Amino acid sequence: MKRRIYSGFFCIVLCFSYICPVWAGSASWTSSTNSSRWVQQPDQAFTPYDNTTANLVEVNSEITYQVIDGWGGCFNELGWTALLVLSQADRETVLRELFDPVTGCKFNLCRMPIGANDFARDYYSLNDSSGDYDMSDFTIDRDLGCLIPYIKAAMAIQLNLKIWGSPWTPPAWMKTNGVYNGGRLTWNAQTLDAYALYFSKYVQTYRNQGIDVYAIHVQNEPIYSTKYPSCLWNAAEFRDFIRDYLGPRFKQDNPDCEIWIGTIPDSGTTNSYADTVLKDTTASSYVSGVGYQYGGKNAIQWTHDTYPSMKLMQTENECGNHENDWPYAEKTFGLMKHYFDHRANSYMAWNPVLDETGLSSWDWAQCSMISINKNTRAVTYNPEFHLYKHFSYFVETGAYRINSGGSFEDRIAFKNPDGDIVVIIANRSDQSKTVTIKNGSEMIKPSIAARSFNTFVIPATGPTPTPGEFQLGDVNHDNTIDIIDALLVAQHYVGLQPGNFYPAQADVSCDGAIDIIDALLIAQFYVGLLSEFCQR
């Protein structure tokens with residue numbers, strides 16, 4: 001009779017195992033092509049890995065790299081000007097698409113200019129009173145018209161929004177050429193001390209407006225002299241200003257506001273700006289991170305390798321020339337992959353919103369995530385919008401980039417704080433491809449469309465096993481002993497090698513073998529016929 005019971009259960013379990021195999025479950029899948037954006041594809045069920053090597057993406061969540069601090073863009077005057085043509089309801093819809101922490105891109109970390117930049121309406125600074133070294137005429141009155149309403153509208157949606165600022169130019173009267181573009185900061189103690197005070201006033205005045213600026217970057221693109229607001233700095237000037245003026249001023253006035261070496265487009269593989277500042281022990285004591293854009297992508301890995309404790313930020317996505325098309329989004333995917341593969345902790349878009357022309361005030365038409373036609377009020381979500389959302393919607397603040405290898409190159413993977421694994425894959429070819437995503441001993445094999453972006457989310461399967469941490473019978477470590485555990489034991493017994501199977505908890509009969517008796521005992525425990533297993 002006992003053999004008949006065991007045989008019957010074995011047949012039931014084995015039949016159920018083949019009809020409805022129990023693996024890690026399934027991965028959700030969101031895809032976008034140029035013609036079909038943000039589509040929820042059918043969940044992909046895991047099956048045993050079959051040794052496929054072609055188009056393989058192999059995820060290893062046990063190998064982690066940098067933590068992810070967030071995603072965002074830059075608040076600019078022309079962005080708010082574009083948004084103002086919309087009704088309040090439509091404007092809020094656009095802002096929710098960018099900042100909503102549940103349904104939108106979830107942007108949480110954004111940049112703003114300190115004074116004019118190339119997407120301001122014209123030249124200005126926060127103190128245009130020549131010779132006002134004590135900053136008595138410092139004012140943000142101009143910002144109350146565009147930047148502050150823009151930032152506050154976003155903050156009303158994303159309550160955890162963090163803001164950092166950078167100048168494109170000091171006040172013109174502080175410069176060697178007396179104008180807003182080109183030239184250098186006048187290098188004497190009186191001017192340098194006043195400029196450090198200028199930064200301090202900026203932080204304090206914005207905080208008085210309820211906007212908690214958490215960091216500043218010293219100068220936007222210090223190697224470029226342009227017709228739009230700009231200023232040249234060399235690496236030694238960065239070091240000396242931070243060490244002797246800005247650092248001591250912030251330590252006194254704003255000790256909780258970070259100072260970053262940024263934003264650096266250094267085109268060399270070794271960043272002279274970061275190295276010059278960070279190898280000075282006094283200057284480096286004031287520095288929290290290094291910000292890179294454009295040519296700086298070539299130096300970011302070197303900086304991590306040389307100064308591994310430094311936070312790293314991609315501070316401005318390459319802005320293009322108003323393409324706003326799918327190939328440009330594909331280029332941006334390559335940039336995002338490069339920066340994250342080389343240890344960036346965060347990634348900034350440039351303009352989230354512009355009008356349909358994309359024109360700066362200095363006649364350079366650039367890309368934006370969203371375009372708003374000022375005549376028709378039509379809102380267009382450009383391909384880059386959906387690309388950013390493929391990352392920022394799924395990859396949470398506090399996630400880690402994790403190891404991903406294999407023969408398919410256009411992939412990157414993260415592990416969220418809750419344990420979910422996020423795998424982002426681009427197919428930049430003109431043919432659809434079947435990609436094998438391997439996680440442990442399991443795999444999914446989605447066929448991804450040509451010219452597409454794809455995000456797969458593999459649900460967390462419980463904590464990493466620790467010997468003795470889980471009780472007998474809980475073979476998948478989900479803190480519950482149920483029929484799933486019995487089925488996993490049965491699959492193991494017939495050689496199916498199920499995922500999420502931990503043998504230390506499977507031999508519930510304590511007879512030195514994992515067999516159908518253990519599956520039966522777990523099933524009996526589940527239905528209440530057995531109160532406990534053997535004690536070890």
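The values are calculated or read from the model by the stated rules, or taken from the named source; none is laboratory data. Everything numeric here is computed off the predicted structure, so don't read it as measured data. Here Cβ is always computed from backbone atoms with ideal geometry, including for glycine, and neighbour counts include all displayed protein chains. Protein only, heavy atoms only, side chains kept; ligands, DNA and RNA dropped before computing areas. Shrake-Rupley method; radii C 1.70, N 1.55, O 1.52, S 1.80 Å.
Close amide H contacts of residue 183 (hydrogens built in the peptide plane, cut-off under 5 Å, sequence separation of 5 or more or a different chain): 232.
In loop segments of segment 352-428 as defined by DSSP, the GluC sites (Glu not before Pro) with at most 16 further C-beta atoms inside 10 Å of their C-beta are 409. If you take the square roots of the eigenvalues of the alpha-carbon gyration tensor of segment 309-375 and sort them as a ≥ b ≥ c, do you get rounded (a/c under 1.5), prolate (a/b over b/c) or oblate? Cα axes put segment 309-375 in the prolate bin. For segment 63-213, a/c is not less than 1.5, where a ≥ b ≥ c are the root eigenvalues of the C-alpha gyration tensor, and a/b tops b/c. That puts it in the prolate class. Could you tell me which of 402, 116, 376 has its Cα farthest along the dipole of the chain towards the positive end, charges placed at Cβ (Lys, Arg +1; Asp, Glu -1), taken about the Cα centre? Going by the Cα projections, it comes out as 376. Each 10 Å bin, from zero up to the one with the longest distance, holds this percent of the alpha carbon pairs of the chain: 4, 17, 24, 21, 14, 10, 7, 3, 1, 0, 0. Surface composition of the chain: carbon and sulfur make up 50 percent of the accessible area, probe 1.4 Å.
For the chain, the antiparallel share of DSSP beta bridges with both residues in that region comes to about 55%.
Roughly how tilted is helix 483-493, in degrees to the nearest 10 and between 0 and 90, from the longest Cα axis of the chain? Roughly 70 degrees between the two axes. Protein heavy-atom accessible surface, 1.4 Å probe, per residue over the chain: 39 Å². Placing dummy labels 7 Å off each Cα toward the beta-carbon, the span from residue 447 to residue 381 is 2.7 nm.
Place a +1 charge on the Cβ of each Lys and Arg in segment 178-282 and a -1 charge on the Cβ of each Asp and Glu, then give the dipole magnitude about the Cα centre in debye, rounded to the nearest 20. Before the final figure, lay out each step's value.
Values: 9 positive and 12 negative charges, 43 e Å.
That gives a dipole near 200 debye.
Between 103, 165, 286, the Cα set farthest toward the positive side of the dipole of the chain (charges on each charged residue's Cβ, about the Cα centre) is that of 103. Modelled spin-label separation between residue 272 and residue 288, with each label point placed 7 Å from Cα along the Cα-to-Cβ direction: 2.9 nm.
For helix 383-392, report the angle its Cα long axis makes with the longest principal axis of the Cα atoms of the chain; keep it between 0 and 90° and round to the nearest 10°. Once rounded, one gets 60 degrees. Find how many whole Å separate the alpha carbon centroid of segment 406-452 from the alpha carbon centroid of segment 331-392. Using only Cα atoms to place each centre, the spacing works out to 24 Å. Taken one residue at a time, the phi angles of segment 368-373 give Karplus couplings (6.51, -1.76, 1.60, θ = phi - 60°) of 8, 5, 10, 10, 10, 6 Hz. Gly and Pro are set to x.
Basic side chains Lys and Arg get +1 at the Cβ, acidic Asp and Glu get -1 at the Cβ, and with that the dipole of segment 16-125 about its Cα centre reaches some 200 debye.
Anisotropy class assigned to segment 208-264 is oblate, per the alpha carbon gyration tensor with a/c at or over the 1.5 cut-off and a/b no larger than b/c.
Under 5 Å from the amide H of residue 370 lie the amide H atoms of 353, 354, 382, each residue being 5 or more positions distant or on a separate chain, with H modelled from the backbone and absent for Pro and chain starts.
Couplings 3J(HN,Hα) of segment 257-270, computed from phi: 9, 7, 10, 10, 7, x, 9, 9, x, 3, 8, x, 7, 10 Hz, in residue order, whole Hz [Karplus 6.51 cos²θ - 1.76 cosθ + 1.60, θ = phi - 60°; x for Gly and Pro].
Think of the chain as having a plus end and a minus end, set by charges on the Cβ of Lys, Arg, Asp and Glu; of 178, 44, 150, 44 sits farthest toward the positive end of this dipole.
Let's see if you can work this out: charge +1 on each Lys and Arg Cβ, -1 on each Asp and Glu Cβ, no other charges. What is the dipole magnitude of the chain about its Cα centre, in debye to the nearest 20? Kindly include the intermediate steps, with their values, before the conclusion.
Working: 39 positive and 58 negative charges, 94 e Å.
Rounded to the nearest 20 debye, it is 460 debye.
Couplings for segment 511-517, taken from phi via the Karplus curve 6.51 cos²θ - 1.76 cosθ + 1.60 with θ = phi - 60°, read 9, x, 9, 9, 9, 5, 5 Hz in order; Gly and Pro are left as x. The angle between the Cα long axis of helix 189-208 and the longest principal axis of the Cα atoms of the chain comes to about 50 degrees, rounded to the nearest 10.
Centroid-to-centroid, using Cα positions, segment 176-213 and segment 56-83 are 28 Å apart.
Out of the chymotrypsin sites (Phe, Trp or Tyr not before Pro) in segment 142-207, which ones are loop residues according to DSSP with at most 12 other C-beta atoms within 10 Å? Intermediate results must be reported in sequence, preceding the final value.
Numbers: sites: 150, 164, 168, 173, 180, 187, 195, 198, 199, 202, 206; in loops: 168, 180, 187.
Loop-located and lightly packed - 187.
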